[in-house]
Structure formats: structure tokens, C-alpha cells
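*Asks:* Handing you this structure, nothing more for now.
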Amino acid sequence: MTSAPEFASGFDTPTRDQWVDAVLKVLNRGRPDDKHLDAEAGLKRLRSTSVDGLVQEPIYTRDDAVELGYPGVAPFTRGTTLRSGQMDAWDVRALHEDPDAATTRQYVLDDLERGATSVWLRVDPDAIQADDVKTALADVLLDLAKVDVSSRTDQAAAAEAVLAVYEGSDKDHSDLSLNLGLDPIGLAALQGTTPDLSGLADWVRRIADYKKSRAIVVDATTWNNAGAGDVHEVAFALATAVEYVRALVEQGLSADEAFDTINFRVSAGVDQFATIARMRALRRVWNRVGEVFEVSADKRGARQHAVSSWRELTRDDAYVNMLRGTIQCFGAAVGGAEAVTVLPFDTCQGLPTPFSRRVARNTQVVLAEESNIGRVNDPAGGSWFVESLTEQMATRAWQAFQSVEAAGGMAAAVGNGHVTDILSGLVAERAKRLATRSQPLTGVSMFPNPTEIPVEVKPRPEAPERGGVEWHRDAEVFEALRDRTTAAAASGNTPAVFLACLGTRRDFGAREGFTKPLLHIAGLATPSSEGGTPDEIAAQFREAGTKVAVLCSSAKVYPEQAVPVAKALKEAGATRVLLAGNIKELGESGAEAEGVIDGTVAMGMDVVDLLTTTLDELGVQK
């Protein structure tokens with residue numbers, strides 16, 4: 001029997017210094033000798049920082065490794081349970097919000113018959129009514145499928161409604177499983193009220209016979225939707241859960257009982273590694289809290305229900321949300337979530353359709369049963385990058401948690417502005433990144449489709465006004481620009497920006513290819529010229545019927561043609577002429593550009609400001 005070949009045996013193991021040298025050769029290619037980047041400057045170019053300060057290095061080595069531990073045991077970084085290799089590695093949980101009781105009943109049945117393993121009902125004025133919960137669950141076999149409820153307006157009513165269904169069942173209560181979804185601090189944050197933690201222990205005692213059930217859900221998606229990054233989502237969830245443990249202990253429960261009645265609902269984002277590390281970090285810091293409260297080691301695992309980040313979903317080019325949902329589900333599953341909800345791709349347009357619900361459900365089924373993700377325990381464990389990110393996230397989240405504690409605890413921090421101040425700073429920083437597209441949104445701020453056909457859905461009922469933290473999706477600022485253009489086009493006046501393409505396609509192709517989709521973000525039409533004299537280009541500009549033009553070409557053509565064409569465009573009625581590229585590319589003719597060329601279009605610019613200014617210039621109503 002021959003031994004297996006060792007394919008790498010003839011190669012030396014490269015060192016980090018050799019890797020750095022290879023990177024610098026690429027980064028310095030084409031740079032003058034006196035402006036070459038050294039190792040520190042080069043690596044800085046490749047280093048990235050998240051909105052809440054998490055640093056990601058361009059390379060990780062064995063020096064970044066940490067002690068792994070084992071899945072299923074404290075500190076639970078690697079998971080709260082051991083996956084057995086079966087297909088039911090996590091709970092496929094389907095969200096239902098349609099206020100039509102008969103429709104919801106049918107959707108619930110469809111989900112459970114086609115891959116979902118549990119049901120999540122949102123009980124609110126704009127969703128399922130409390131009186132309709134019994135109808136919605138009429139076909140559910142309660143001993144086979146868990147039911148989870150939540151509410152943004154009246155959590156007690158939602159809990160009572162689902163309990164009434166369970167208490168009417170003839171099944172052994174110890175075989176039934178439900179989650180009451182009580183999160184009074186999260187509810188108060190949404191409503192702008194004072195949280196009421198009294199009576200929490202009474203709910204826990206009421207479901208004592210339901211051995212597989214939990215009363216409290218710390219809903220961290222509240223903070224994610226309000227703008228929190230990975231660090232503060234963990235920190236705020238941790239601070240909230242600690243308040244609940246203290247309240248339950250004061251109300252007569254043991255710390256073990258308090259831990260045993262708390263679940264966490266967390267967001268799953270499109271940064272799969274951040275999602276994985278965040279879920280691992282939350283388990284780690286929650287275990288540390290359990291150590292402080294002297295909770296039994298086997299009860300210190302943070303059980304997590306991961307939900308697609310609503311903040312990251314888009315209205316425009318909605319089908320890209322299928323890709324987002326797949327990445328979000330992957331991150332949640334690899335991160336060790338006990339339950340996962342993938343939001344349907346048309347969630348932002350209105351109430352999901354049977355097709356979008358099917359896609360959301362099957363995303364999980366395919367990942368579990370065909371990609372076999374659920375067969376592996378903590379597949380990211382041992383990755384130097386993921387371990388380093390988990391360590392960093394846990395450390396920074398603990399520091400943020402301590403600042404909340406110093407502010408009086410989570411309930412006080414919500415009321416005294418500590419939480420909203422942090423969220424405001426994160427929202428502002430993220431807005432800058434979105435506007436400059438350093439944080440891109442596929443199909444919205446990058447690769448937009450201005451001629452897409454809108455998805456047809458049933459409109460959502462109007463939600464009641466809330467007085468607390470505000471929720472906003474990342475794409476909203478771009479969608480507002482598109483709405484201005486759509487409204488103008490509906491009145492028969494399609495806004496447009498003229499692209500004056502100078503020289504041959506070889507000269508202007510790259511700049512035109514950059515500028516056109518940038519303008520399409522706002523749905524602007526982009527009539528154009530290809531070569532020609534200044535007078536010919538000006539004539540085509542007049543035919544386009546717009547007041548704004550962008551010159552597109554290269555540093556080879558600009559010195560000779562840019563200024564003469566810009567002057568011709570101004571004489572033809574252009575009120576604003578922009579240059580795709582850098583003013584320096586005009587060369588000596590740049591001295592004549594003042595008052596003729598009004599600005600540039602380039603990578604890294606604030607595209608929201610550019611498009612807003614352009615729409616204003618074109619007289620498009622807000």
C-alpha cells in the first residue's frame with residue numbers, strides 16, 4: 001500500500017515578512033520611487049474598521065489563535081449544544097404578520113408542512129390581532145411545533161393569547177414548548193416609556209409546567225434596527241438580560257431559574273464573519289455573567305434565535321434580498337443559532353407572498369440538507385480570523401456593557417439618553433459610509449436597476465406611531481432619491497443627466513461605465529453623446545432637454561477637449577457641468593475651468609449629496 005503524496009512537501013513555508021513584501025510589490029506598482037509605501041503604510045491601506053471600531057487585519061497568523069475549548073460546555077463560545085449530524089441542527093422558525101386570520105392560518109400550515117419547524121407570530125395592531133391567535137394556530141400540533149410570540153405594543157396581551165391556546169390543549173404540558181416573548185425594556189425603548197419589570201416572575205411561574213418553554217426574550221434586533229453595530233448589539237442585549245436576572249431574583253426566583261427562562265433574539269447580517277463572531281461572543285460574555293451570578297455551569301449557555309437583519313434589507317431590486325437572506329442564514333447557522341428566521345425578500349414592500357415565504361423557508365432547508373452546514377459543530381472555530389474577531393468583539397462588548405452599568409443599568413440608560421446617544425453616533429458614522437459607498441448596497445447604491453419592475457405584494461396596515469428609538473433601513477436614503485425621480489417621471493417629466501463622452505470609446509468607456517450606474521442610483525436617465533465637436537455635443541445636449549451634464553473621458557483627452565466642450569454646454573443652457581475624474585487631469589487647461597466646470601464625479605465622493613444636489617438643480621420635487 002503506497003502512502004498518500006505530500007503535495008506541499010517540496011515548498012518552503014512562507015513567512016509573514018515574505019507575504020508583506022509580496023503585498024507591497026502590488027501596492028507600489030506604478031508609484032514613483034520616492035512615494036513607495038513601507039510595510040506599516042501598506043498594511044494600513046488593507047486594514048478595515050467597522051462602524052463601532054472593530055479592526056480587521058489583512059492577514060492573521062498562529063499568533064492570533066486563542067484557546068478553543070469545546071462545543072456544548074462552558075464558556076459556550078463554540079455553541080450551547082452538540083450537533084449530532086442530523087438535519088434538524090437548528091429550528092426553522094417562520095415569522096407571520098398578516099392580520100387576516102384565515103390567511104395566516106393557511107400560511108402557518110404551509111410553512112409547517114414544507115420545512116418550518118416552529119411558528120413565530122407578531123401580535124400588534126398592524127399584524128395579527130390577539131383575538132385571532134387561536135385561529136392562526138388552529139392547525140398546529142402543539143406537541144410537534146413550538147410557538148413564539150412577540151409584540152411591539154402589548155406583550156402581555158400577546159402572551160395571554162398564546163397561553164390561552166396552550167392551556168386549552170389536552171396534551172401533557174411538559175411535552176409542549178412555547179416562548180412568551182416578554183421583553184419590557186425593549187418594548188419601553190420602542191414606545192418611549194418606562195419599563196415595568198414587576199410581575200416577570202409571575203409569568204415564569206405560570207409556565208412552570210411547560211418544561212421546554214421560556215418567558216423572556218431579550219430582543220437585540222431592536223437595537224440592530226435602531227442602528228447598533230455588532231459590539232453594542234451584544235452589549236445592550238447583555239445589559240438587558242442582566243436587569244431581568246436581577247429583577248427575577250428579587251421576585252423570588254433563583255439565578256438558575258432566571259437564566260433558564262431567558263432567550264436571546266439576535267440579528268444575522270450580511271457580514272457573515274461578523275455574525276458568526278457576534279453570536280460566539282454573546283455566548284462567551286453571557287457565560288461570564290453566569291459565573292458572577294453563580295449559575296450552574298450547564299445553564300449558562302445563551303440560546304439564540306437569529307433573524308435576518310431588517311435594517312439591511314432593501315425595497316429596490318428586492319430579489320437581491322434572496323442573496324442577503326442566504327448569507328444571513330449561513331452566518332447564523334455557522335454561528336450556532338438554535339433557531340433561525342429568514343425574512344422573505346419582499347418584506348420591505350409589504351406583506352410577504354406565498355412565493356417569497358417559500359424562498360425564505362427553502363433557503364434554510366437547502367443550507368441544512370444540501371449544504372450540510374448543520375452537520376458540523378462550530379465550523380468557524382479555529383479560524384485565526386474568527387477567533388480574533390470573537391475575542392475582540394467580546395472584550396469591546398463587555399466594556400460597552402460596563403458603561404451601561406455605570407449609567408445605572410439598561411432601563412436607566414434607555415431613559416437617560418445614554419443608549420440613544422450611542423445609537424446616534426453609530427447611525428451618523430454608518431450614514432457617511434453608505435453615502436460614500438465604502439459600505440455598498442448591491443442593487444441600490446451599487447449596480448442599481450433603474451428599469452426594474454416593482455414586486456407586487458399586499459400592503460401592510462399602517463403601524464401605530466411609536467415614541468421611542470427609531471428604526472431605519474440602510475437603503476432608505478437611496479430609495480428616497482429614487483422616489484423623487486419616479487414621481488417626476490409619473491408626471492411626464494423624466495429627469496436626466498447628459499453624458500458628454502469625449503474621444504473614442506477607448507477613452508471614455510471606463511468613466512462612462514462608472515458615471516452611468518452612479519446616476520441610476522436615483523433613477524436618472526442618462527442620454528449621451530459619443531465623440532464629436534463641441535458644437536455637435538452641445539446640439540445633442542439641447543435635444544436631451546436637461547440642465548446638467550457630465551464630461552466623461554480620460555487624462556489623455558481632457559486637456560484638449562474638456563474645457564471647450566464645457567463652454568459649449570454652458571452656452572447651450574447647462575447650469576451645471578461636472579467632470580468624471582480629477583480636475584488635475586485637465587493639465588494646463590485647468591486654469592480655464594473655473595466657472596465652466598462645476599465639480600467632479602469620482603470614487604469615494606458623497607453620492608447622496610451629489611444626487612440630491614443634481615435633483616435640486618433639475619427642479620425635481622422632494
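*Asks:* Going through A228, A189, A215 one at a time, which residue ends up being part of a loop (DSSP other than H, G, I, E, B), hydrophobic (A, V, I, L, M, F, W, C) and buried (at least 21 other Cβ atoms within 10 Å of the Cβ)?
*Replies:* A228
*Asks:* Moving on to the next point. Out of curiosity, is T515 under 38 Å from the mean Cα position of the chain (by Cα), hydroxyl-bearing (S, T, Y), part of a helix (DSSP H, G or I) and outside the structural domain of W223 (by TED's automatic domain parsing)?
*Replies:* Yes; evaluated as a whole, the condition is true for this residue.
*Asks:* Related question: Would you point out which residue out of K584, K556, K567 is charged (D, E, K, R), assigned to a loop (DSSP other than H, G, I, E, B) and in contact with a helix residue (DSSP H, G or I) (Cβ under 9 Å, 6 or more places away or on another chain)?
*Replies:* The unique qualifying residue is K556.
*Asks:* Which residue is surrounded by the fewest Cβ atoms within 10 Å (Cβ to Cβ), if the candidates are limited to the range 305-317 and must be closer than 18 Å to T341 by Cα and in contact (Cβ under 8 Å) with a residue 60 or more places away in the chain?
*Replies:* W310
*Asks:* Does R16 qualify as being in contact (Cβ under 8 Å) with a residue 24 or more places away in the chain, loosely packed, with under 10 Cβ neighbours inside 10 Å and among the basic types (K, R)?
*Replies:* No: the conditions fail for R16.
*Asks:* Let me ask something additional. Can you find a residue that is under 14 Å from the mean Cα position of the chain (by Cα) and in a helix (DSSP H, G or I) anywhere in the range 295-308?
*Replies:* Among the residues of the range 295-308, not one is under 14 Å from the mean Cα position of the chain (by Cα) and in a helix (DSSP H, G or I), which makes the answer no.
*Asks:* Out of the residues in the range 466-495 that are polar (S, T, N, Q) and assigned to a loop (DSSP other than H, G, I, E, B), which is surrounded by the fewest Cβ atoms within 10 Å (Cβ to Cβ)?
*Replies:* Once the filter is applied, the top-ranked residue is S491.
*Asks:* Please enumerate the residues belonging to the range 107-128 that are free of Cβ contacts under 8 Å to residues at least 60 places away in the same chain, surrounded by fewer than 22 Cβ atoms within 10 Å (Cβ to Cβ) and not in a strand (DSSP E or B).
*Replies:* L109, L112, E113, T117
*Asks:* Which one is farthest from G42 (Cα to Cα), of the residues in the range 84-106 that are assigned to a loop (DSSP other than H, G, I, E, B) and in contact with an Asp or Glu (Cβ under 9 Å, 6 or more places away or on another chain)?
*Replies:* My answer is D100.
*Asks:* Okay, moving on. Limited to the range 518-533, what total is found for residues that are among the aliphatic types (A, V, I, L, M) and assigned to a helix (DSSP H, G or I)?
*Replies:* Adding up the residues that qualify gives 2.
*Asks:* When the residues of the range 597-609 are narrowed to those that are touching a strand residue (DSSP E or B) at 6+ places or on another chain (Cβ under 7 Å) and without any contact (Cβ under 8 Å) to a residue 60 or more places away in the chain, which ends up nearest to A435 (Cα to Cα)?
*Replies:* For the range 597-609, the residue satisfying everything is T600.
Yes/no per residue for (1) crowded, with 24+ Cβ neighbours inside 10 Å; (2) without any contact (Cβ under 8 Å) to a residue 60 or more places away in the chain:
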{"site": "K134", "(1), (2)": "no, yes"}
{"site": "A138", "(1), (2)": "no, yes"}
{"site": "E160", "(1), (2)": "no, yes"}
{"site": "G168", "(1), (2)": "no, yes"}
{"site": "L182", "(1), (2)": "yes, yes"}
{"site": "T193", "(1), (2)": "no, no"}
{"site": "L197", "(1), (2)": "no, no"}
{"site": "A208", "(1), (2)": "no, yes"}
{"site": "H232", "(1), (2)": "yes, no"}
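*Asks:* Looking at the structure I just gave you, is E40 farther than 30 Å from N372 by Cα and modelled with pLDDT of 90 or more?
*Replies:* Taking the combined requirement at face value, the residue satisfies it.
*Asks:* Another question about this same structure. Can you say whether G290 is in a loop (DSSP other than H, G, I, E, B), surrounded by 20 or more Cβ atoms within 10 Å (Cβ to Cβ) and in contact with a Gly (Cβ under 9 Å, 6 or more places away or on another chain), as far as the supplied structure shows?
*Replies:* In short, no.
*Asks:* Of all the residues that make up the range 309-336, how many are in contact with a Ser or Thr (Cβ under 9 Å, 6 or more places away or on another chain) and assigned to a loop (DSSP other than H, G, I, E, B)?
*Replies:* 7
The values are calculated or read from the model by the stated rules, or taken from the named source; none is laboratory data. Since we're looking at a predicted model, the values are computed, not measured. Cβ sites come from the backbone with ideal geometry, for glycine too, and all protein chains shown count toward neighbours.
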